[in-house]
Amino acid sequence: MTRLHVTEYHAGTGAGTLVLLHGFPVDSRMWDATASLLDAAWHVIGVDLPGLGGSAHVLPEEPSMSAAADAVHDAISGHTVQRRPLVLAGLSMGGYVTQAYVRAYADDLSAVILLDTRANADSEEARANRVRIADESEQSGRPDAVVGMASGTLSDANVAQRPELVDFLRGLIESQQGSGVAWSQRAMAGRPDSTHTLRDLKVPALVVVGEDDQVSPVDVMTQMAEDIPNALLKVIPDAGHMSPVEQPDVVSQVINDFLVQLR
Ligand code: MLT
């Protein structure tokens, strides 16, 4: 299978490798502003997940988070990265993939960063909604069914006061293919509960949440941090579900502070 698309942010000077995984329905470009502020001693890369961004045509046969994690593992293995310390940072869907990666490749990882994400599986209702959107996106070949997420994932204040952020996200969403939207929705619909994966986590974790995140709210992320044996929780002011897009300065700072302890 063709490999997932990788964006090189910093070549690094030997501190380790940080892999950034984006949310749905966007691609690594959501990380651009934050990545430019990350510690350049780290080799920082973004991986476009199956069906999205530069990986639009990489669609593993079975849509699942574990297939996405396998594809990320393959992309990392095929790339010249310093194997240790290796840190995965995943936002929302990227966080689901990070949790699947922990299940399959725990020994690879030195730490994880989970941003604006969840450990629980979908309800029946949420699953049915994803399948409906997947069918619609497949038929139209377009991402129209999820364009509303451009404003739905930002805090209300940022929607009102920073229209350029809505435009930025809408541009990313409108550039996606219906097939990739469908693959991701089916993969997320089938994801298992990851609470035990997190309870058994052997490496340090940084848990980051926008204070106004409505998709994976602060109480959900606080519980996640409490479930992980060695986790640090950071709540990002003036941010919703897309904290790295809304507050790149603050998010890059909390990530850099966390990375320092791993070097
Ligand atoms: C995301 O930002 O990746 C999505 O909100 C995840 C989801 O739909 O569960």
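Only the coordinates and a few stated rules stand behind these numbers; no lab work does. These figures come from a predicted structure and were not determined experimentally. Ideal geometry is used to build each Cβ from the backbone, glycine not excepted, and the neighbour counts take in all protein chains shown.
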Phi-based couplings in Hz for segment 152-168 (Karplus 6.51, -1.76, 1.60; Gly and Pro marked x) | x, 9, 8, 5, 4, 5, 5, 4, 6, 9, 10, x, 5, 6, 5, 4, 4
Taking the alpha-carbon set of the chain, what are its Rg and Dmax in Å?
-> 16.7, 48
Scoring only Lys, Arg, Asp and Glu (+1, +1, -1, -1) among other residues with Cβ under 15 Å from the Cβ of ASP200 yields -1
With the dipole of segment 9-88 defined by +1 on each Lys or Arg Cβ and -1 on each Asp or Glu Cβ, the option from SER64, THR13, GLY51 whose Cα lies farthest towards the positive pole is THR13
Long-range amide H partners of SER155 with built H, under 5 Å = GLY240, HIS241, MET242
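What is the sum of charges around GLU8, taking Lys and Arg as +1, Asp and Glu as -1, for the other residues whose C-beta is under 13 Å from the C-beta of GLU8?
Working: positive: none; negative: ASP32, ASP48.
Net of charged neighbours comes to -2.
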Which chymotrypsin sites (Phe, Trp or Tyr not before Pro) does segment 1-109 hold that lie in a coil by DSSP with at most 14 other beta carbons within 10 Å?
-> none
Of the candidates MET93, ALA111, MET221, the farthest towards the positive dipole end of the chain (Lys/Arg Cβ +1, Asp/Glu Cβ -1, centred on the Cα centre) is ALA111
Built amide H within the under 5 Å cut-off of GLY210, gap 5+ = ASP116, ILE236, SER243
What number, rounded to the nearest 500 deg cm²/dmol, is the helix-based mean residue ellipticity at 222 nm of the chain, given -39500 (n - 2.57) per DSSP H run of at least four residues and division by all its residues?
-> -12500 deg cm²/dmol
Hey, can you grab everything whose amide H is under 5 Å from the amide H of LEU233? Only 5+ residues off in sequence or another chain; H modelled, so Pro and N-termini drop out.
-> VAL207
Using Cα centres only, tell me the gap between segment 74-152 and segment 218-263 in whole Å.
-> 17
With +1 on each Lys and Arg Cβ and -1 on each Asp and Glu Cβ, and nothing else charged, work out how big the dipole of segment 54-201 is about its Cα centre, in Debye to the nearest 20.
-> 300
Kindly give Rg over Rh for segment 204-263, based on alpha-carbon atoms, with the Kirkwood expression for the hydrodynamic radius.
-> 0.97
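Please give the charge dipole size of the chain, origin at the Cα centre, charges +1 on K and R Cβ atoms and -1 on D and E Cβ atoms. Round to the nearest 20 debye. Don't jump to the answer; show the numbers that get you there.
Numbers: 18 positive and 35 negative charges, 132 e Å.
Here the size comes out at about 640 debye.
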Could you run the Karplus curve 6.51 cos²θ - 1.76 cosθ + 1.60 with θ = phi - 60° over segment 25-41 and give me ³J(HN,Hα) per residue in whole Hz, x for Gly and Pro?
-> x, 10, 8, 4, 4, 5, 8, 3, 5, 5, 4, 5, 9, 7, 3, 6, 6
Derived scalar couplings ³J(HN,Hα) [segment 234-247; Karplus, 6.51 cos²θ - 1.76 cosθ + 1.60; whole Hz; x for Gly, Pro] = 10, 9, 9, x, 6, 9, x, 7, 10, 3, x, 7, 7, 9
